[in-house]
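Enquirer: Right, I'll just put the structure down here and ask away after.
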Amino acid sequence: MNRLSRRSLLASAPAAALPSRLFAQPAAQRPHLQQGVQAGDVGSDGITIWSRTDRPARMIVDYSTTERFADPTRMTGPIATAANDFTSRLRLTGLPSGRNVFYRVSYADLADEAATSEPVAGRFRTPPTSDADVSFVWSADTVGQGWGINPDIGGMTIYESMRRLAPDFFVHCGDTIYADNPLRPEKKLPDGRIWKNLVTDAKAKVAETLAEFRGNYLYNFLDTNLRR
């Protein structure tokens, strides 16, 4: 899943260190990363970075071992197109072991190089090469059995609770979506209270098309706790 190795998703974007020419276009005209970023599939010296934009654009990833992005390394990634729902992945290799690595993702509009998104930042920790303590959290079954994102209680707050533990990584054990399990706007609880779901077109019916399956995944990203 998306949370891959997690997924330390950070919504903040330290853009100050980037060249001003990247932001020559007004924000509304630049690509956007509404689903944030993810880091996962960790190996001994590498990791995969994932993100999604809103138009045909080329992925750009900067990373550094300091949060200030001192002497960052820049990698030019693949092009996100409609064929892959404007998602893209880039494998980072040759990373130092047992270190925190800070990264930020941006996209350059294919139609206008001056239209580059504001970067979205994340962080992950590479595995140690020797014996060392590690901490991790795990979960499963996201948005199943009729329980969706309930804005009245702050959404899927379990993700924020796990994030606050500052684990080395996150494991999602499965059922990241329930494509055959539509949501209803309300669900009555045994004590008479009403659970209210945020419902999208894709989650209002059983998924039958590729767009609807993708819509199930996009639904999860509407939750601030999960994106963070």
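The values are calculated or read from the model by the stated rules, or taken from the named source; none is laboratory data. It should be emphasised that the depicted structure is a prediction, and the values quoted were computed from it without experimental measurement. Don't worry about glycine lacking a Cβ; one is built from the backbone with ideal geometry, like all the others, and counts go over all protein chains shown.
Enquirer: For the range 81-130, which positions are within 30 Å of Phe213 (Cβ to Cβ) and without any contact (Cβ under 8 Å) to a residue 40 or more places away in the chain?
Expert: Thr81, Ala82, Ala83, Asn84, Phe86, Thr87, Ser88
Conditions (1) in contact with a Gly (Cβ under 6 Å, 6 or more places away or on another chain); (2) modelled with pLDDT of 95 or more; (3) exposed (fewer than 13 other Cβ atoms within 10 Å of the Cβ); (4) hydroxyl-bearing (Ser, Thr, Tyr), marked per residue:
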site	(1), (2), (3), (4)
Arg6	no, no, no, no
Leu10	yes, no, no, no
Ser20	no, no, yes, yes
Gln29	no, no, yes, no
Asp41	no, no, no, no
Ile49	no, yes, no, no
Pro56	no, yes, no, no
Thr73	no, yes, no, yes
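Enquirer: Counting only residues that are surrounded by 13 or more Cβ atoms within 10 Å (Cβ to Cβ) and not aliphatic (A, V, I, L, M), which one in the range 132-143 is farthest from Lys203 (Cα to Cα)?
Expert: Restricting to residues being surrounded by 13 or more Cβ atoms within 10 Å (Cβ to Cβ) and not aliphatic (A, V, I, L, M), the top hit is Phe136.
Enquirer: Which one is nearest to Gln29 (Cα to Cα), of the residues in the range 97-144 that are of a type in the set (Gly, Ala, Ser) and in a strand (DSSP E or B)?
Expert: Ala115
Enquirer: Right, another one. Report yes if some residue within the range 146-167 is in contact (Cβ under 8 Å) with a residue 12 or more places away in the chain, surrounded by 15 or more Cβ atoms within 10 Å (Cβ to Cβ), outside the structural domain of Asn197 (by TED's automatic domain parsing) and among the basic types (Lys, Arg); otherwise report no.
Expert: Checked the range 146-167: no residue is in contact (Cβ under 8 Å) with a residue 12 or more places away in the chain, surrounded by 15 or more Cβ atoms within 10 Å (Cβ to Cβ), outside the structural domain of Asn197 (by TED's automatic domain parsing) and among the basic types (Lys, Arg).
Enquirer: Here's a follow-up. Give just the number: which of (1) surrounded by fewer than 16 Cβ atoms within 10 Å (Cβ to Cβ); (2) free of Cβ contacts under 8 Å to residues at least 24 places away in the same chain does Ala202 not satisfy?
Expert: Failing condition for Ala202: (1).
Enquirer: Can I ask one more? Quickly run through the range 34-70 and pick out the residues that are closer than 17 Å to Leu110 by Cα and in a strand (DSSP E or B). Quick ask: steps written out before the conclusion?
Expert: Initially, the range 34-70 is screened for residues closer than 17 Å to Leu110 by Cα, giving 51-61.
Ser51, Arg52, Ala57, Arg58, Met59, Ile60, Val61, listed by residue number.
Enquirer: From the list Phe170, Phe213, exactly one residue is in a strand (DSSP E or B) and either buried (at least 19 other Cβ atoms within 10 Å of the Cβ) or at pLDDT 95 or above (or both). Which is it?
Expert: Phe170
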